[in-house]
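The values are calculated or read from the model by the stated rules, or taken from the named source; none is laboratory data. All figures in this text were calculated on a predicted structure; none of them were measured in a lab. We place every Cβ from the backbone using ideal geometry, glycine too, and count neighbours over all the protein chains shown. The area values use the complete protein model at the heavy-atom level, side chains included, leaving out ligands, DNA and RNA. Shrake-Rupley method; radii C 1.70, N 1.55, O 1.52, S 1.80 Å.
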Amino acid sequence: MAADLRVGTTGARPGAMGFLTDTTLCIGCKACEVACKQWNQLPMDNFGFTGMSYDNTGDLGATTWRHVAFIERIDDHTGRRPVKLQPFQSNWLMLSDVCKHCVYAGCMEACPTGAIIRTEFDTVVIQQDICNGCGYCVPACPFGVPELSLTDRKAHKCTLCYDRLKDGLEPACAKACPTDAIQFGPVPQLMERARKRVEELHQQGVTSAYIYGDRAVGGTGGIEGLNAFFILTAPPEVYNLPAQPELPQRRVLPAFLSTAAAALALGLAAWRALRGVK
Amino acid sequence: MMTVDTGVRRWEHRRARSVGEAAATSYYGVPPIHKAHWRWSVALYFFLGGLAGASGVIASFARLFGGREARPLVRLARYLSFIAILPAPFLLIYDLGRPERFHHMLRVVKFRSPMSLGVWGLIAASATATLNAFRQAADDGMLGQRTPLAALGRRLPDRAIAALSVGPSFFLSGYTGVLLGATAVPLWAKNALLLGPLFLCSALSNACAALSVLLRRLGPASLPLIHRLERLERVALVSELILLVALEQQSGPVIARPLRTGRLGRVRNALLSAGLALPISVHLLVGQRRGRLPEALRHIATLFVLASGFALRILILFAGHASADDPEATFVFNRRGSRP
């Protein structure tokens, strides 16, 4: 299978920088969330308890560029606490979610103003002085990352700390991560590291570990991989991630063609109806 | 630090409530994708754009192929196209988060972004609709008889501008379906191939309905012409009905859920019955009969067709929002083997 050959590969361009987020190392401390907010001067969200696990953020949004999801694995259907632990961790899965900086990004292709650009680090950034708040990038992202801010009405998302990268620093979240669950570096190197780590995990008995964001999983429909990818130990849906996301713009040409065909048919009907009225 | 006080936290009002099982099998029912912020103004833009585009198409076809007798139709269709397109740019700009930056839309042309193409298409369609209406106004003496403006209008090549407007008019009435399809929203994405044709058919039926009634009331138009227009409307209505049913079938049980339940389910029922089935039956029953009752029925059917054009766009838009808020729909769409 061609798809299988693509496992553990990345479609990243030369020089691409990205994140490897290893969820098996995440302890759910939320230092990444805080560091991100602090460095990027993002306003706090409407604070409150969500009532769902330890997640008090909810999801990624205009003011939350890192979001730690907490998933408690309750394996029997009666809802009781499980009594046996997985080989490497507790029964909590924690994922520090972030913009994937897709190799082919839906948000960027959708943007009608050219506000969303690809930087020299191959990351995807929204230029705030260009964005006119049309909001088309918001539903065009298969991962639900960009969102319109309610204060300035522009779209916002993770910049992979473009300003820090420019100065040779690593992004704030990776810098703050105490367990190195968030690693920053050139994408091919990170992918190599991820493959080794997955092998290691398999040897430790965590056979469910895999890379989310390689070409086989994160780029089936033309996304061609993610520059920010993850090591997961459960199906993507458990982490609120789509299993095999697709680049929405792959549908543009076929959809225009089908619409043109319909226009042709209706045009023919209109011609038949209106020609030479006598 | 500044607090963003939105009343509710942003994920809270999107969290799956009614889908029950989905909330248990997903991440606490939090939608994995963000829905579009588009509201009624966008649906109205879709509707008016469709009406303007389809009227433009009818005006051009009647002008190019219709001969002398189609002149009243050409006149009305050109004016209707112009009037319907007037509010369109304002609705589009009103909907922007930062309307004062509308001109940023004109920085680039992006062929893979239907939003970018749409803006340019709207400009082209507005230009051709204005030219056509201008020429018509000059012919009708609305610009005066000997004024320079009238002289300028009469010098416009009539058939050439009619031919010129066919492309942009078709584009304007159909591209919005492509625009919705090129997103990650399950209901729209799943039906990317159907939405454009569906919007086209709906636009054509609306324009035919509006024009045939206007012709009956205002125009010195021959009855055969009106009957031909009504036949075209029937074709468009039947195609629309078929496409809408096909859309629902293709979506599958999970993704089509918003079309079948709750308030949107009622909109869909009303659309299928009163908006499509009823006008088609009226057409078939009343046919070309004359008299007060058939006339009244035809007018009612026209109103229903026009209302259904708006209802269709409301339905597709808000059902898309609902499907984006349903984690299960997104997950089902993103599993291999469930693509269109």
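Just reorder B:Phe310, B:Phe111, A:Phe121, A:Phe47 by solvent-accessible area, largest first, 1.4 Å probe, all chains present.
On the way: B:Phe310 70, B:Phe111 155, A:Phe121 40, A:Phe47 130 Å².
If we order B:Phe310, B:Phe111, A:Phe121, A:Phe47 from most to least accessible, we get B:Phe111, A:Phe47, B:Phe310, A:Phe121.
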Requested in this report: Just need the relative contact order of segment A:112-154 here, percent rounded to a whole number, with Cα pairs under 8 Å and 6+ apart.
Outcome: 30 percent
Query raised in the report: Using modelled backbone amide H atoms (1.01 Å from N, in-plane), which distant-in-sequence or interchain residues come within less than 5 Å of A:Ile182's amide H?
Result: A:Asp22
Query raised in the report: To the nearest 10 degrees, how steeply does helix A:252-274 sit against the main Cα axis of chain A, on a 0 to 90 scale?
Result: 20 degrees
**Report entry** Lys/Arg +1, Asp/Glu -1 at C-beta; the protein assembly as shown dipole; positive extreme among A:Gln128, B:Val305, B:Phe47
**Finding:** B:Val305
Query raised in the report: Short version: which residues of segment A:193-229 lose at least 20 Å² of accessible area, all chains versus chain alone, 1.4 Å probe?
Result: A:Thr220
Report summary line: Residue-ordered couplings for segment A:133-150, obtained by feeding phi - 60° into the Karplus form 6.51 cos²θ - 1.76 cosθ + 1.60 and rounding to whole Hz (Gly and Pro as x), are x, 5, x, 6, 5, 5, x, 7, 8, x, 10, x, 9, x, 8, 6, 7, 7
Report summary line: If one compares the long axis through the Cα atoms of helix B:192-217 with the longest principal axis of the Cα atoms of chain B, the angle in degrees, nearest 10, works out at 40 degrees
Report task. Calculate, for the protein assembly as shown, the solvent-accessible area per residue in square angstrom, rolling a 1.4 angstrom probe over the heavy atoms of the protein chains. Result -> 40 Å²
Report task. Per residue of B:169-178, count partner chain C-beta atoms within 10 Å of its C-beta, then hand back the mean as an integer. Result -> 4
Requested in this report: Enumerate the aspartates and glutamates that B:Lys35 could reach by cross-link, defined here as Cα to Cα under 14 Å, with residues fewer than 8 away along the same chain left out.
Outcome: A:Asp59, A:Glu147, B:Glu12, B:Asp325, B:Asp326
Report task. Would you mind checking A:Lys30/B:Lys110; A:Lys157/A:Lys196; A:Lys100/B:Lys110 for any pair whose Cα atoms are more than 28 angstrom apart? Result -> A:Lys30/B:Lys110; A:Lys157/A:Lys196
Query raised in the report: Using a cut-off of 17 Å between alpha-carbon atoms, which aspartates and glutamates can reach A:Lys175, once sequence neighbours fewer than 8 places away in the same chain are excluded?
Result: A:Asp22, A:Glu33, A:Asp97, A:Asp163, A:Asp167
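Where does chain B land at 222 nm, in deg cm²/dmol rounded to the nearest 500, when only DSSP H runs of n ≥ 4 count, each adding -39500 (n - 2.57), divided by all residues? Kindly include the intermediate steps, with their values, before the conclusion.
Working: 16 runs with 238 residues, N = 340.
Value at 222 nm, helices only, nearest 500: -23000 deg cm²/dmol.
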Query raised in the report: Counting only protein heavy atoms and using a 1.4 Å probe, what share of the accessible area of the protein assembly as shown belongs to carbon plus sulfur, as a whole percent?
Result: 62 percent
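Quick check on the protein assembly as shown: of the DSSP beta bridges with both residues there, what percent are antiparallel, nearest 5%?
If we restrict to bridges inside the protein assembly as shown, about 80 percent are antiparallel.
Counting only protein heavy atoms and rolling a 1.4 Å probe, how much accessible area do A and B lose on contact, total for both sides, in Å² to 100? It would help to have the intermediate numbers written out before the result.
On the way: alone 14790 and 17330 Å², together 24840 Å².
By this definition, chains A and B bury close to 7300 Å².
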Query raised in the report: Roughly how tilted is helix A:187-203, in degrees to the nearest 10 and between 0 and 90, from the longest Cα axis of chain A?
Result: 50 degrees
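If you count, for every residue in A:110-120, the Cβ atoms of partner chains within 10 Å of its Cβ, what is the mean? Numbers along the way, then the final one.
Details: counts 10, 5, 15, 13, 8, 4, 0, 0, 0, 0, 0.
Whole-number average of other-chain Cβ neighbours for A:110-120 is 5.
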Query raised in the report: ³J(HN,Hα) across segment A:27-35 via Karplus (A = 6.51, B = -1.76, C = 1.60, θ = phi - 60°), whole Hz, x for Gly/Pro?
Result: 10, x, 7, 6, 4, 5, 4, 5, 4
**Report entry** Under-5 Å amide H pairs with A:Ala105, H placed in peptide plane, nonlocal only
**Finding:** none
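If packing is taken as the average number of other Cβ atoms within 10 Å across a peptide's residues, how do A:18-26, A:242-250 rank, most packed first?
Numbers: A:18-26: 24.8, A:242-250: 22.9.
Output ranking for A:18-26, A:242-250: A:18-26, A:242-250.
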